1. Could you tell me what percent of the DSSP beta bridges with both partners in the chain are antiparallel, to the nearest 5?
2. How about region 464-516: which trypsin sites (Lys or Arg not before Pro) there lie in a loop by DSSP and see at most 15 other Cβ atoms within 10 Å?
3. Efficiency by 1/(1 + (r/R0)^6): what FRET value for Glu166 and Lys129, r their Cβ-Cβ distance, R0 = 25 Å, to the nearest 0.05?
4. What relative contact order, as a whole-number percentage, does region 193-310 give when Cα pairs under 8 Å and 6 or more residues apart are counted?
5. Once amide H atoms are built 1.01 Å from N in the peptide plane, which residues 5 or more positions from Gly110, or in another chain, come under 5 Å H to H?
6. For region 272-350, state which trypsin sites (Lys or Arg not before Pro) are in a DSSP loop and have at most 12 other beta carbons lying within 10 Å of their beta carbon.
7. To the nearest 10 degrees, how steep is helix 48-63 against the longest Cα principal axis of the chain, on a 0 to 90 scale?
8. What accessible area per residue, rounded to a whole number of Å², is obtained for region 142-239 using a probe radius of 1.4 Å?
Amino acid sequence: MNRILKVLNVILGLLAILIIFGLGYQTGQRYDIAVDENDKYVAISYSVNEQKMRRLMSLIDNQYIENINTDSLVDNTINFVMSNLDPHSVYLEKKLSRDMEREMKGYYVGIGIQYVIYNDTMIITHVDKQSPNKSFFKLSDRVLSVNDSVVTGKAVSRAADLIQGEINSDVQIKIIRDGEKRTINARRSVIPRASVSESYMLTNQLGYIKLRRFGENTYLEFKTALLKLKHQGMNALVLDLRGNPGGLMSSAERIADEFLGSDQLIVFTQDADGKKAYRYATNKGEFDGQQLYVLIDEGSASASEIIAGAVQDNDAGTIIGRRSYGKGLVQREISLGDGSKLRLTTAKYYTPTGRSIQKPYSNGIEQYNSDITKRYLSGEMFTKDSIKIPDSLMFKTPKGKIVYGGGGIIPDVFIPIDSMGYGRWFYEQTHNDLFNIQIFNHIEKNHESLQKILEEHFISYYKTDELALKMLTDIGLSPEQLDEKEMINFNNFIKAGMARFLYGQTAYDKVWSRNDPMILKAIELNNSGK
């Protein structure tokens with residue numbers, strides 16, 4: 001009897017295992033889990049139609065008569081689906097997902113060269129100071145091939161992808177330098193990409209910090225720069241968010257906290273179910289109550305707008321510039337299990353007064369992406385009065401200042417795009433990129449002497465009068481036809497352009513800041529105590 005009972009128990013146990021396996025298998029067809037960027041689980045349930053799609057792909061993969069790359073088919077299908085959502089919900093394929101993750105962590109993998117594409121040729125301008133290859137390349141080196149793959153002519157677009165690879169791997173770069181061919185074995189490495197590109201004193205009391213993105217290390221970089229400038233005597237700050245496309249919302253919230261008093265609202269979000277989440281400032285702010293000027297333009301988006309909105313709505317500073325981009329959607333980055341990810345919009349965010357600054361996107365992606373061009377054509381880039389916002393989107397700050405929602409942050413102090421005082425001749429030539437070509441040709445011709453000049457010496461002492469005269473002559477103008485301010489600004493434009501080619505964006509910013517109308521306005525306001 002005992003033996004029979006044992007056999008029955010074994011049979012019942014096997015049946016139980018089979019039942020559990022069967023239920024688990026069926027459940028697996030309808031339910032799944034994923035992980036987001038914060039390593040939190042995201043529950044996924046499959047509808048009948050979604051299960052149909054899974055079966056379809058399985059049938060094509062296993063039964064279809066022709067050989068077909070179902071990975072590519074899946075990618076194309078996902079991209080099509082995402083294109084029918086909002087403009088900021090996107091599919092990140094494996095490589096793009098990896099590159100974006102590195103971007104948020106503040107680095108990229110490469111050999112550290114900066115370059116321009118000119119006449120279908122990759123021409124090296126400078127090498128990152130932290131690159132192990134900094135002594136291998138020189139200004140004006142022309143890249144001929146990467147690992148024996150030709151990258152000139154129509155193939156030049158392949159060069160950047162071929163140079164990328166695994167950390168600490170080698171890549172063979174063939175170049176031509178001063179008419180001689182050379183082969184360089186470069187090492188791919190981690191190249192830091194700082195969020196804070198600039199931090200220095202504009203005057204004895206006014207500091208300046210430039211933020212390019214919001215990544216994992218942005219707050220620490222910002223706090224370090226802030227404390228350094230305070231140690232140098234700063235009691236007022238210019239925070240430059242122009243051209244900053246955003247990034248991690250949490251980094252923006254922590255930076256905004258530095259400017260606000262305890263329990264002041266920074267931002268709140270609302271999800272599809274109407275659930276709201278609020279983020280308040282703490283009492284740990286290093287710059288609460290001090291003079292603050294935030295610079296924005298049409299390239300300031302997302303996390304940049306969270307800071308600008310929090311500062312403006314709490315009357316904590318002055319916003320200077322032009323209307324910001326207008327992105328008020330919150331994305332959650334969710335892994336799809338194979339290295340690819342979905343960046344899916346899961347909520348909207350609102351500034352402390354309750355404004356949504358998301359611009360409309362119901363008319364399709366093309367119209368959405370052409371919004372900045374429309375602003376230019378409407379005259380908005382030139383006069384603040386051209387910004388048309390209905391009264392229904394009007395809000396008030398605690399001190400009674402009128403602010404608007406509906407598509408970006410409208411600055412308190414407007415600076416038009418043509419405030420440098422250039423004539424029409426300048427914008428016509430820059431539109432055709434003629435001046436940048438002339439600047440680069442000058443650098444090419446004189447690269448042997450220019451590359452010997454230290455960056456700090458170039459910024460402080462280099463003169464461009466001779467080049468400015470030649471460039472004006474080439475378009476049929478003379479210095480006598482320009483007023484003094486216009487000529488000074490044109491020389492500064494040339495010098496800044498040269499600095500970018502020779503030393504990078506940071507050098508460009510240092511040169512340009514001397515004539516930058518937004519920075520000059522911040523200095524003026526600070527000097528007058530406003």
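The values are calculated or read from the model by the stated rules, or taken from the named source; none is laboratory data. The structure displayed is predicted, hence computed values, not measured ones. A quick note on method: Cβ atoms are made from the backbone with ideal geometry, for glycine too, and the neighbour counts reach across all protein chains shown. Please note that ligands, DNA and RNA were not included when accessible areas were found on the heavy atoms of the full protein model with its side chains. Shrake-Rupley method; radii C 1.70, N 1.55, O 1.52, S 1.80 Å.
1. Expressed as a percentage, antiparallel bridges in the chain total about 80.
2. Arg514
3. E(calc), rounded to 0.05, equals 0.65.
4. Result for region 193-310 is 27 percent.
5. The answer is Ser189, Ile191.
6. In loop regions of region 272-350 (DSSP not H, G, I, E or B), the sparsely surrounded trypsin sites (Lys or Arg not before Pro) are Lys275, Lys284.
7. 90 degrees
8. 48 Å²
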